[in-house]
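Everything below concerns the one structure shown next.
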Amino acid sequence: MDAAFEIVAPAIRRVAQSEGVKLIEFHRDDPIWRLSFARQAGGEAVVDVAWQEDRPDTYIVSATWWVDDYDSTMRRLHREDVGEFTRERQPADLETLLVDAIRRIDSWTEAELDQESGPYPDWQRYSTREEFDRTRLPRR
């Protein structure tokens, strides 16, 4: 998997630094590099760059924002596929795609949280409200 991201890694790292977001390489040991941040509007957001073995020259970029409600133990979210990046393109094209994904998330409002999942009773079982609301992610 390291080789799969070798060509795109510098561009993803540049965007993470310039936009002030946290980069997680190989999220959950999967072929996904994730740009993570907390939103001023609430909740957390990610931009994923995903690679699949059956399409080795293509990277899928998606954007997701979610807001968790401790009291109801439910999550509301919105997810969009932003685009694809292929290896024959310039790294600057990937940077543009990633920045566009972050800007898109920045523009979303609560009215766009169109999916719901849960309940997640473990949230209340294993953390206090204060612990639950704490974030270690950079806030935008």
Fill in the blank from the handout: Measuring from its Cα centre, the chain shows a charge dipole (+1 at each Lys and Arg Cβ, -1 at each Asp and Glu Cβ) which, in debye to the nearest 20, is 500 debye
Exercise for the section: Provide the per residue accessible area, probe 1.4 Å, for the chain, rounded to a whole number of square angstrom. Expected result: 57 Å²
Handout entry: From phi via Karplus (6.51, -1.76, 1.60), per-residue ³J(HN,Hα) for region 119-131 in Hz, x at Gly/Pro
Key = x, 10, x, 5, 4, 7, 5, 10, 8, 7, 4, 4, 5
Completion exercise
When the charge dipole of region 35-124 is computed with +1 at the Cβ of Lys and Arg and -1 at the Cβ of Asp and Glu, the Cα pointing farthest to the positive end, of 77, 59, 90, is that of 90
Handout entry: Crossing angle, helix 9-19 versus the chain [Cα axis fit, 0-90 degrees, rounded to tens]
Key = 50 degrees
Exercise for the section: Take every Cα pair under 8 Å in the chain that's 6+ residues apart, average their separations, divide by the length, and report that relative contact order as a whole percent. Expected result: 25 percent
Practice task
Using a Gaussian network model of the chain whose springs link C-alpha atoms within less than 10 Å, name the residue from 129, 14, 39 with the highest mean-square fluctuation.
Solution key: 129
Problem - Highest-fluctuation residue, 80, 110, 88 considered, GNM on the chain with Cα pairs under 10 Å - result: 88
Completion exercise
Checking 24, 102, 12 against a Gaussian network model of the chain (alpha-carbon springs below 10 Å), the top fluctuating residue turns out to be 24
Practice task
Could you please state how large a percent of the accessible area of region 75-125 is carbon and sulfur, counting protein chains only and using a 1.4 Å probe?
Solution key: 44 percent
Problem - Cα-derived Rg over Rh, computed across the chain with Rh taken as Kirkwood radius - result: 1.00
Completion exercise
Computed over the chain: longest principal axis from alpha-carbon atoms vs helix 91-107 long axis, angle to nearest 10 degrees, is 20 degrees
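The values are calculated or read from the model by the stated rules, or taken from the named source; none is laboratory data. As the structure is a computational prediction, the values presented were derived from the model and not from experiment. When we count neighbours, we look across all protein chains shown, and the Cβ atoms used for this are built from the backbone with ideal geometry, even at glycine. Accessible surface is based on the protein model in full, side chains and every heavy atom, while ligands, DNA and RNA are left aside. Shrake-Rupley method; radii C 1.70, N 1.55, O 1.52, S 1.80 Å.
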